[in-house]
Structure formats: structure tokens, C-alpha cells
Amino acid sequence: MKFSDLPQLGTELQRRLLDHLGVAPADATDADLMIGLAQLVRERLSQRWAASQAAEHGSRRVYYLSMEFLMGRALGNALDALGLAGDAAAALRTLARRLEDVQQQEADAGLGNGGLGRLAACFLDSMATLDLPCFGYGIRYEYGMFAQTIADGRQVELPDPWLADGTPWEFPRRHVLYPVRFGGHVEHSGGISRWVPAAEVSAKAYDMVVPGHGTEHVGTLRLWKAAAPVFLDLHAFNSGDYARAAAVKNEFENISWVLYPNDSTPAGRELRLRQEYFFTSASIQDIVARHLAEHRRFDNLADKAAIHLNDTHPAIGVAELMRLLCDEHALPWEAAWAITQRAFSYTNHTLMPEALETWPVALVQHVLPRHYEIILRINQAFLDFATARRPYDNEFLQRLSLIDESGERRLRMAHLAIVGSHKVNGVSALHSDLLVQTIFADFAQLWPDRFTNMTNGVTPRRWLAQCNPGLAALLDRHIGRRWRLDLDQLARLAPFADDEFFREAFLAVKFENKRRLAALILAATGQRVDPASLFDVQVKRIHEYKRQLLNLLHLISRWLEIIEQPQADWVPRTAVFAGKAASSYHMAKQVIRLVHDVGRIVNHDPRVGDRLKVVFVPNYGVSVAEVIMPGADLSEQISTAGTEASGTGNMKLALNGALTVGTDDGANIEIREAVGDANIFIFGQSAAQVAERRAAGWRPRELHDAHPRLPAVLGALDSGGFSPEEPGRYRDLVASLLDGGDHYQLLADYDAYIAAQDRVDELFRDRHAWARAAILNVAAMGPFSADRTIRAYARDIWAVAPAVGPGAAQC
């Protein structure tokens, strides 16, 4: 076909292949086509981006600081935002290629790991879609967190070289460069403090575009790369000492190599602190520089900058802004503090005291001596304020202090974030209530109006329109396309739950998605699974409080019962696990190994056949989730009540027509309220009951010894039934339940969980009743849009308005 006979995008793509990539269209690989198409899309977005930046000039902006941004692949989202997905598919068909295959050539951006990073990515998408002036700030990790592989059932961590071949989506900003300093000492003279650092690294900016949907607005994600001030010790190199020659470069640039370096060693802990300060300092310096360029004064900084801390990783920014204002720009302390408190806001993501980030005071003094001084002054002023309200209550002051004096003195980062912010929010109704009742109760007593709730949400563009095109097309035919920008439109779907023909169409879409997931499972694990079976999915970070082990206890119990009752009417079930364990988290890694050992036994047991399969999909990330979410029948959200802040996987799965089995925890409660008790499987204790049981002295062994099923289930683990080559492999897991206090109360919820799974089987046997419940779940997901969440943030916390008029709502 001649260029002149092609549609515009097809012509541009073929010319791009020839002129920029040096390859004939007929010889282009899928990777070549991905790069060429991405470059064309990038050019179109760049024009919108420049216009957006011009429109934002002088506006109040949101600056969203996050250690993670789990963005996923960019090409499909960009094509969708530009309305070019159809044109791109047509252009590729002329070359006998499929858009889906070309998109898979793009590596997932290694910028995050779990819910924190995916939430940040959804929020950037919504900010851009709602025309809000916004910058995301993070780190340009060269090797991600890690690429997870499995060897003999064990998690093995390898570097994730997602930037090995470059990425067409980033824009190096060579003129945007900031010094970030560490160590040294502080000199004081005439009321002026001067930090004399021992080391300095350069923070280099790389921008990525965040396209809005239904608008031409484009947001910015600015990522920082650490660059050594001296790249090579040439004298050492010429002397043959090649290791020392590169040591300086590696010493500094490792800051931006890996997300969450292993912190089980002193060197690892120091690297983490340096990493957090590095990106926070560069971001705050950039915010201040932009403000001065646009306004040339500081008194209105808090009127123009809404700086949001996504968890405590960037909380050191409170002290950094004070350092810049007081030390670098000579503002009086009181004026600087007033600006700082008005500028910052903070989202908390955990209720577990042990998960709240703290740093040894000695380490902070060593790495950031000036910041430690600033924090001490903030703390003294704060404790004076608290003393005036509750004099002579030393225990109250000890609980509030930014410095934990019990045992090793440690800096409490959540406390710093609260004191330095004007608003603090939780991420679900239950979480926000528990924050002010438990871990932050003392702060809430001082500042009751400072705390609020912002229930999380997900973007329907990626998590329905793009990842589930079959369901999206079905919705479009029956309720129109507007739901992409107004998820409340899904409520119009509810009457179709009683339409037999719609239910059949819905089930057909689900089955095709399950076939796609089955193909992924086969490719990733070598295990064949039946798409007609119930796909039971638990995909999330591996952690004890998320209770993947409780899921496994049910599967072991089910396996034993199938063997005992082979003639019973068992609903065939495929249990799908995925998720990464932190590299130093032994117990979580044991759970991953147990999933594989259970699968190894169960999947090859001829007595069980296809009635039960257990699989683990490795290297869970956005692109894997985009296949799993649409194919799931059952969504496992089974954390101990009172431990999960919100969850967003629960929302994504329900949005794609999965029913939830879960505890009354996090956003599960709000999902239950939205979908109705008949369309969700809630089980187990409430958060209050968990606390009561713990306070009363929870004795799991007594329950176990009197239980009709648990001794057989745990005995299969303890005796080596799933690890005959190493019988003691899982004794520590069993001991943690029976003799270690069963901290997350798996055994307390075991019976209720088994009963809930029985209810799941009963409903799944009636395919139309199941479809009806699934459709009603989709119809009720309107409140869980990230657009709704961001509108609330913009209105109630950030006070930010759109930079431009609403874009044309083209879907």
C-alpha cells in the first residue's frame, strides 16, 4: 500500500519508521512499531502539554509528592486520551500487526510496587482529566523495586531494567538541576545558621506526560535522577584502581537505583533515608524556584502551592521547606512556619503503629544535621502549645512528641507530617474514624478540624475502558460512553441485572476474559486451568495482615474435604495468587513458597482433578493486573478488620464484575453499603471485636485444640505434608498461629471464612444469580471513581480550581 492510500496516522507511522528508526515498514518489529507509534503520540501530547503549562502559569497548583507512581504502560492510555486507539489499530493492520501485540513491547515503568503507587497514578490521571494544575514528584528508579522470579517455589529478586532501552515517554530537563546535600555540621553565628555539608549530589529532572481524558489538559510527573558531582576519579582509573575510580559515582547515584532498598542493614537504612530526602529536597527546591519565577515573593507561597504528602516518605519536606525559607531566603521563623503549615497536607495510609515510619535520631543527626535542629525547634514549640492545653500531663506530651524517647530515640515522621500540615486525611470512612480514635487520638483532641476522610478511588479509564474492552463495549451499547468521565452513569446499568439477554452477554464477556487470564496463567506458570471454574483471586502485596495465609488454610481444608467426599457436588475453583514480598520479609516469602508447595501437591492430585487448582502468577504489576482483574470471579479482600486503610484492588475487581469476599475493613465497608449485603460475602469480626479479643487475651491454641477441622489443616503444614523433602519448612508459620499469638487472628475468623466460601459456592452454581450480583456490583461502583476523590481533595483540602475551562467531554 502506498503512503498516499493510508489514513493520516498510518502514513505518519510508516514515515517515522523510515526517517527516525531507519527501518522499512515491512521489516519493522513489534518493538519498532511501539517506539514509532509512541513518538507520534508523544508529539501530539507535547503540544497539549505546552498549552497546559501556559494555562497554569501563576495558578495555584497541586504538588503531589510520592515515593511511588505505579503508572503501567503508557501507550494504550495515551492513545485512549487522544482518541487514536482505533486509528492506531487500523494503521497496524495494514502491516498485518495487532495493536495488542505492539503495546506489549512496552515495559511497565518501574516506579512503584503496590497500592500506594497505583493510587498516586490514578490520582494524576484524574487531576489531568479534571484540568487541575498539577505536578507529581517522585524518583526515576533505574531498576524499579525488583523483578520477581520464582525458583523452586521461592521468590527471587532480580533488577528490573525497565530503562535499559530507554523510554519514549520521558523528557530530560537538562536545565532543571538542584543540589541535594548530606552530612557535615551546622555553624551558628549572629542568629544565622549555616549548614556545612559533607557531600552533595545533583538531582536531575525527567518529566513524563500525564494526559487527561475528555480534555486537552496534560499534567506532569517530574522524576529525579541522582547524578554524582564527579563522574570518574580519573587519577585512580589511570592507576589501575578501577573500582575506586567509579566509587564516587556509585556512592551517589545508587540513591535512584532501586525502590525501597533492603533496610535490614545499617547501610540500607541510611540509603532509604537519603533516598527520601533526595527526592523531597529536589521537589521542594523546584516548587520554591517556580514560585519565585512566577511571583517574585514568598508571602503568597501557601496561596499558590498545595504540597501534598502521600504517606510519610516525603514528610521531611516540612523541615526542608523551613530550611529553605529561613536559611536560604532569610524569612523569620514565625512567617516561615505559617507558610509551611498552610502549604502542606498529608495522607495517612496505615493504622498499624509498627508501620508508621520512624528514624533513629542518631541517623538523622548524621545524615541531616540541620534538619534535626529544625525539627527540635518545631517540636519544642509544639509541645509548648500542647502543654498550655493540658498542663502537667507528661504522658500526653510523650505520646505527642516528634521524638520517641522510649528505648532508642527515634524521629516520628507521621507526627512531623501532622504538625506541619493544615489537613490530614485517612483513605476510607473506617480508617479515618480509627485514626482519630487510636493512633492519632491525641492530635485529634488538639486539632479536631485538621482530620478528615477522603475515600480512595480508581480511574475507570485504565481499570475498565482499557483493560476490559469487551465489558466497556457492552456498557457503551446500553448506557452510552459518558461513564468514562462520570462513573455515576454506571447506576443506569442496575435494571439490566434482571434482563436475561444482558446477563448472557455479560457472562460471555466474562468468559472471554477468563480465557485470556487462563492463557496468561499457562504462559507464566505452565499450569492449565479451566476458564469455566470459579476464578478466585487474591492479588496484592504479600503481607501477614492481608492474610494470604488464611486463604491458603481454606484451600487446604477444601483439598482435604474433596479427598474425603469425592462424590460431593464441588464447584470447580482456580485460586490465583500474585504479589511481591519485601526482600527482607521472611514470613511473607514463606507464604509465597507455601502457595507453590500447595499448588504442587493439589494440582497433581488425581483424586482432586480439575476441582481445585492453585497458581501463583509471578512479577505482579499493572500489566499483569490488567489481565487478572477482568477475568476474576471472586475478589479476596480478607485483611484483619482494622488493618487495611482502604484498598483499591477491591474497587478495580468489583468494577470488572468480581464479587467480593471480605471482612468489614477499609473500603470493603463502603463497597458493601453500595452493592448491598446480598451482593457481597462479608465475614468475620469487626475492628472493635478484633480489639476486644486482643485485649481479653487471645488464646488461639485453645480454639485449635477444640476445633473439628483445624488440627488436620495445620497438621498438614506442620508435618511436612506440602514439603516432604523438608518436613519442618512451615513449622514457623504454624507456630506463629498457635504459639505466637496469631496476631492477625486468622484462626478467630477461620470458621466464618469457610462459611462465606460455602455461600460463594452456592451462588456460583446459579450462573444467572451470580451474573445478576456481578452486574449490580459494576452498577454500584460510581462512588469509587478517582475523579470523585480528587474533586473532594481539590475542594476540601487543596482549594485548587481548574486551570482552564472544562474540556470537551469526548469519550
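Nonpolar atom fraction for the range 1-156, defined as the carbon and sulfur part of the 1.4 Å probe accessible area, stands at 49 percent. Taken one residue at a time, the phi angles of the range 662-668 give Karplus couplings (6.51, -1.76, 1.60, θ = phi - 60°) of x, 8, 7, 9, x, 6, 3 Hz. Gly and Pro are set to x. Calculated [222 nm] ellipticity per residue, helices only, for the chain: -14000 deg cm²/dmol; basis is -39500 (n - 2.57) per DSSP H run with n ≥ 4, divided by all residues, nearest 500.
For Arg140, nonlocal amide neighbours, meaning residues 5 or more places apart or on other chains whose placed amide H falls under 5 Å from its own, are Trp224, Lys225. In this view, the solvent-accessible surface of Lys204, computed with a 1.4 Å probe and all protein chains in place, comes to about 70 Å².
When Cα extents along the principal axes in Å is computed from the coordinates, the matching label among [x] 118, 58, 56; [y] 88, 80, 63; [z] 84, 67, 59 is [y]. Full extension of the segment from Asp739 to Glu187, taken as 0.36 nm per residue of separation minus the current Cα-Cα distance, would add 193.3 nm. When you restrict to C-alpha pairs under 8 Å that are six or more residues apart and normalise by the size of the range 44-167, the relative contact order lands at 31 percent. Using C-alpha pairs below 8 Å separated by at least 6 residues, the relative contact order for the chain is 14 percent. Across the range 564-701, the relative contact order, built from alpha-carbon pairs under 8 Å that are at least six residues apart, equals 18 percent. Out of the total accessible area of the range 731-777 (probe 1.4 Å, heavy atoms of protein only), what percent is carbon and sulfur? Reported share for carbon and sulfur atoms: 51 percent.
Close amide H pairs (under 5 Å, H built 1.01 Å from N) link Thr660 with Ser635, Phe681, residues at least 5 positions away or on another chain.
Distance from the alpha carbon centroid of the range 413-437 to that of the range 472-519 works out to 37 angstrom. For the range 581-703, carbon and sulfur atoms together expose 52% of the accessible surface, with a 1.4 angstrom probe and every protein chain in place. The phi torsions of the range 402-414, fed into the Karplus equation with coefficients 6.51, -1.76 and 1.60 and a -60° offset, translate into couplings of 5, 10, 7, 8, 7, x, 5, 5, 9, 8, 8, 6, 5 Hz, rounded to whole numbers, with Gly and Pro shown as x.
Taking a ≥ b ≥ c as the square roots of the eigenvalues of the alpha-carbon gyration tensor, the range 412-499 is classed prolate because a/c is 1.5 or more and a/b outweighs b/c.
Spacing of the modelled spin labels on Thr149 and Ala508, each 7 Å from Cα toward Cβ, amounts to 4.3 nm. The residues neighbouring Gly76, those whose beta-carbon lies less than 13 Å from its own, together hold a net charge of -3 under the Lys/Arg +1, Asp/Glu -1 convention.
Accessible surface area normalised per residue over the chain is 38 Å², counting heavy atoms of protein chains with a 1.4 Å rolling probe. Bridging of Lys423 to aspartates and glutamates at a Cα separation below 14 Å is possible for Asp311, Asp449, Asp796, once same-chain residues fewer than 8 apart are set aside. For Lys652, the lysines whose Cα comes closer than 22 Å to its Cα, not counting residues fewer than 8 places off in the same chain, are Lys510, Lys514, Lys540, Lys546, Lys580.
Surface calculation, 1.4 Å probe, protein heavy atoms: Glu216 sits at approximately 120 Å² accessible. Distance between the 7 Å Cα→Cβ label points at Ala293 and Asp165: 3.4 nm.
Decide, for the range 77-171, between rounded, prolate and oblate: order the square roots of the alpha carbon gyration tensor eigenvalues as a ≥ b ≥ c, take rounded if a/c falls under 1.5, and otherwise choose prolate if a/b is larger than b/c, else oblate. Cα axes put the range 77-171 in the oblate bin. Across the range 344-350, computed HN-Hα scalar couplings (Karplus, 6.51 cos²θ - 1.76 cosθ + 1.60, θ = phi - 60°) run 8, 9, 9, 9, 8, 10, 8 Hz from first to last residue, x flagging Gly and Pro. Once you reduce the range 1-61 and the range 640-655 to the center of their Cα atoms, the two points are 38 Å from each other. Let's test the formula: R0 of 22 Å, r as the Cβ-Cβ distance of Ala532 and Asp499. What FRET efficiency results, to the nearest 0.05? Efficiency, rounded to the nearest 0.05: 0.45.
Specify the inter-centroid distance of the range 701-735 and the range 100-161, based on alpha-carbon positions, in whole Å. Here the two parts' Cα centres lie 37 Å apart. Answer rounded, prolate or oblate for the range 332-459, using the Cα gyration tensor with square roots of eigenvalues a ≥ b ≥ c: rounded when a/c is under 1.5, else prolate when a/b is larger than b/c, else oblate. Rounded, because the longest to shortest axis ratio a/c is under 1.5. In a fully extended conformation the segment linking Ala752 and Asp677 would gain 25.4 nm over its present Cα-Cα distance, using 0.36 nm per residue. When all protein chains stay in place and ligands, DNA and RNA are ignored, the 1.4 Å accessible-area order of Ile375, Ile439, largest first, is Ile439, Ile375.
The values are calculated or read from the model by the stated rules, or taken from the named source; none is laboratory data. Remember, predicted model here, so these are calculated numbers, not experimental data. Cβ: placed from backbone, ideal geometry, glycine included. Neighbour counts: every protein chain shown. All accessible areas refer to the heavy atoms of the entire protein, side chains included, with ligands and DNA or RNA removed. Shrake-Rupley method; radii C 1.70, N 1.55, O 1.52, S 1.80 Å.
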